[in-house]
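Below is one structure, written out as structure tokens; comments come after it.
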Amino acid sequence: MMNVIQYLEKNPDLVALLKAKKAALIGISSLEQKAILDAFSSEVELESTAWL
């Protein structure tokens, strides 16, 4: 799982495709995929509001 997260951090375009359901993570359950995408969404929100 950690390898998947590291890969997504290096390839943010893939995160957008996953959110749009135009890509899937083979071997990752839908619950795990949702958790990963939620974490990426939270991270972006935290970074964007921290500097306001």
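What are the trypsin sites (Lys or Arg not before Pro) within region 1-34 that DSSP puts in a loop, where the Cβ has at most 13 other Cβ atoms within 10 Å?
Within region 1-34, the qualifying trypsin sites (Lys or Arg not before Pro) (loop, at most 13 other Cβ atoms within 10 Å) are LYS21, LYS22.
Here the spin labels are modelled as points 7 Å beyond Cα on the Cα-Cβ line, and at LYS22 and LYS10 they lie 2.3 nm apart. Taking all protein chains together, ASP13, ASP38 sort by accessible area into ASP13, ASP38, largest first [probe 1.4 Å].
The values are calculated or read from the model by the stated rules, or taken from the named source; none is laboratory data. The structure displayed is predicted, hence computed values, not measured ones. Here the Cβ is made from the backbone with ideal geometry for all residues, glycine too, and neighbour counts use every protein chain on show. When the accessible area is computed, the model is the full protein with side chains, heavy atoms only, and any ligands, DNA or RNA have been set aside. Shrake-Rupley method; radii C 1.70, N 1.55, O 1.52, S 1.80 Å.
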